[in-house]
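Trainee: One structure, as C-alpha cells, below. Some questions next.
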DNA sequence: AGCTACTCCTGGTAGC
DNA sequence: TGCTACCAGGAGTAGC
C-alpha cells in the first residue's frame with residue numbers, strides 16, 4: 001500500500017507538472033472521493049486557482065492553491081490502498097477507475113484513479129483541518145531518539161499498533177512497520193512502556209533508514225496496483241526482509257519468517273531475530 | 001486509556 | 001473452465 005516512501009515518490013513526480021499550473025474544470029467520477037464536500041462546491045473552490053506548491057505530510061500529498069498571489073486553500077490527496085495521482089494528456093480515457101479529473105491550463109489533466117475507492121482528495125481552507133492530528137514526521141528534525149523514547153514510555157501499547165497510529169508517528173503503514181521492527185530486532189507485540197532507551201534509539205534509526213532506502217528506490221510495488229506516476233513500479237519490495245515472506249528464510253539468520261495477526265493486521269516476524277521476550281543478558 | 005469490531009470497497013485468488 | 005467465497009488493508013468510529 002502506498003506509505004510514506006510511495007507518497008513521497010508520487011509527490012516528487014507530479015510536482016514539476018503541477019507547480020504554476022492553473023486548475024480548470026472538474027469532473028467527479030465518485031463523489032465520496034471528495035470527503036463530504038459537494039462536487040459543485042469543490043469545483044468552485046478549485047477552478048481558477050493556481051498551484052503554488054506541492055508538498056507531502058505523512059501519507060498526504062498537499063497542493064497549495066492561490067488566487068492572484070493570495071493563498072486560497074489546499075488540496076489534500078490521500079492514496080489509501082489503491083489510489084494513483086497522475087498528470088496525463090487531456091485525451092486520456094477515464095477508464096473504469098478514474099474518480100476525479102481536474103483540467104490544467106497546459107492542456108493536460110490531473111487524474112485521481114482509485115479502484116477500491118478508499119482514497120480521498122479533500123479541499124480545505126486550513127491545512128490543520130486535515131493534517132492537524134498527525135504525529136511527528138519520521139524523517140523530520142522534530143523526530144528525535146530522546147523524544148521518541150519518551151513518547152513510547154508515555155503510552156502503554158503494543159509496538160506495532162502504536163507505530164501504525166498516525167497521531168503517534170505519521171507516515172508508517174503495515175509494510176514499513178514490519179520492516180523497521182525486524183531491523184530493530186523488536187517484536188510487534190513488545191510493550192511500548194518497557195522499551196529501553198537503547199532499543200528506542202535503535203528503532204528510531206531503523207525507521208528512518210528503511211524509509212530513506214525505500215524512497216531512494218521509489219517505493220515498493222508488491223501488487224498490480226501501485227505504480228509511480230511514470231508507470232514504473234518501485235523496486236524496494238525486492239529488499240523486504242519480512243513483509244510478504246512468510247515461510248521464507250530470514251535474511252539475517254535463515255529461520256523461516258512467521259505470519260501472525262496483530263491488531264487485525266497481517267504481521268511478519270522472524271521468531272529468532274525478534275524474540276517475544278528479549279534474551280536476558282549474561 | 002487502550003482494545004476490539006465494524007465500516008468502507010473491489011480486484012485477486014484460493015478452493016471447488 | 002467457471003463459479004463462489006473470502007481476503008487485504010488505512011483510517012475513522014462505536015462500544016466496552
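Throughout, read-outs are computed from the coordinates displayed, never taken from laboratory work. On a predicted model such as this, the values are computed, not experimentally measured, just so you know. Ideal geometry is used to build each Cβ from the backbone, glycine not excepted, and the neighbour counts take in all protein chains shown.
Trainee: So for chain A, averaging the separation of alpha carbon pairs under 8 Å that are six or more residues apart and normalising by length, what relative contact order in percent results? Let's see the in-between values first.
Mentor: Numbers: 567 pairs, mean separation 49.2, N = 282.
Value for chain A: 17 percent.
Trainee: Additional query: Between the helical axis of A:145-154 and the dominant principal axis of chain A, each derived from Cα atoms, what acute angle in degrees is found, rounded to the nearest 10?
Mentor: With both axes taken from Cα atoms, the answer is about 80 degrees.
Trainee: Now, a different point. Using the number of other C-beta atoms within 10 angstrom as an exposure proxy, rank A:30, A:60 with the fewest first.
Mentor: A:30, A:60
Trainee: Alpha carbon centre of the stretch A:78-148 versus the stretch A:1-74: separation in Å?
Mentor: A separation of 7 Å, based on Cα centres.
Trainee: Measure nothing but the geometry: give the 0 to 90° angle between the long axis through the Cα atoms of A:4-18 and the longest principal axis through the Cα atoms of chain A, rounded to 10°.
Mentor: 20
Trainee: Can I get the semi-axes of the stretch A:135-257's equivalent ellipsoid? Compute them from the C-alpha gyration tensor as square roots of 5 times the eigenvalues, in angstrom, largest first.
Mentor: Numbers: eigenvalues 125, 66, 28 Å².
Working from the Cα gyration tensor, I get semi-axes of 25, 18, 12 Å.
Trainee: Additional query: Provide the FRET efficiency to the nearest 0.05 for the residue A:47-residue A:12 pair, computing r from the beta carbons and using R0 = 30 Å. Intermediate results must be reported in sequence, preceding the final value.
Mentor: Numbers: r = 26 Å, r/R0 = 0.87.
My answer for the efficiency is 0.70.
Trainee: Averaging over every viewing direction, what projected area does the convex hull of the Cα atoms of the stretch A:12-78 cover, in nm²?
Mentor: The Cα convex hull of the stretch A:12-78, projected and averaged over all directions, gives 4.7 nm².
Trainee: Still on this model: Given labels modelled 7 Å from the Cα in the Cβ direction, how far is it in nm from residue A:196 to residue A:22?
Mentor: So the label points at residue A:196 and residue A:22 sit 6.3 nm apart.
Trainee: Okay, moving on. How much mean residue ellipticity at 222 nm does chain A get from its helices, if each DSSP H run of length 4 or more adds -39500 (n - 2.57) and you divide by all residues, to the nearest 500 deg cm²/dmol?
Mentor: About -8000 deg cm²/dmol.
Trainee: If each of residue A:277 and residue A:30 carries a label point 7 Å out from its Cα toward its Cβ, how far apart are those two points in nm?
Mentor: Each label point is offset 7 Å from its Cα along the Cβ direction, giving 4.7 nm.
Trainee: A further question follows. With the cut-off at 1.5 for a/c, could you classify the stretch A:47-124 from its C-alpha gyration tensor as rounded, prolate or oblate?
Mentor: Oblate.
Trainee: Among A:39-49, A:182-192, how do they line up by average Cβ neighbours within 10 Å per residue, starting with the highest?
Mentor: Working: A:39-49: 16.8, A:182-192: 21.2.
So the order, starting with the most tightly packed, is A:182-192, A:39-49.
Trainee: What is the gain in length, in nm to one decimal, between residue A:150 and residue A:126 on full extension, counting 0.36 nm per residue of separation less the C-alpha to C-alpha distance?
Mentor: Here the answer is 5.6 nm.
Trainee: Just from the alpha-carbon atoms, what are the Rg and Dmax of chain A in angstroms?
Mentor: 20.3, 69
Trainee: If you line up the long axis of helix A:197-216 against the longest principal axis of chain A, both from Cα atoms, how many degrees apart are they, to the nearest 10?
Mentor: It works out to around 40 degrees.
Trainee: Another question, if that's okay. When you count, for each residue, the other Cβ atoms within 10 Å and take the mean per peptide, how do A:90-96, A:153-159 rank with the highest first?
Mentor: Final packing ranking: A:153-159, A:90-96.
Trainee: Now for a different question. What does the highest-first list of A:5-13, A:128-136, A:203-211 look like by mean Cβ count within 10 Å?
Mentor: Details: A:5-13: 22.8, A:128-136: 14.8, A:203-211: 20.3.
Packing order, densest peptide first, comes out as A:5-13, A:203-211, A:128-136.
Trainee: Could you list the residues of the stretch A:1-25 with an amide nitrogen less than 20 Å from a label point located 7 Å from the Cα of residue A:139 in the Cα-to-C-beta direction?
Mentor: Output list for this probe position: A:1-19.
Trainee: For the stretch A:1-138, what does the equivalent ellipsoid look like in terms of its semi-axes, each the square root of 5 times an eigenvalue of the Cα gyration tensor, given largest first in whole Å?
Mentor: Three semi-axes, in Å: 20, 18, 15.
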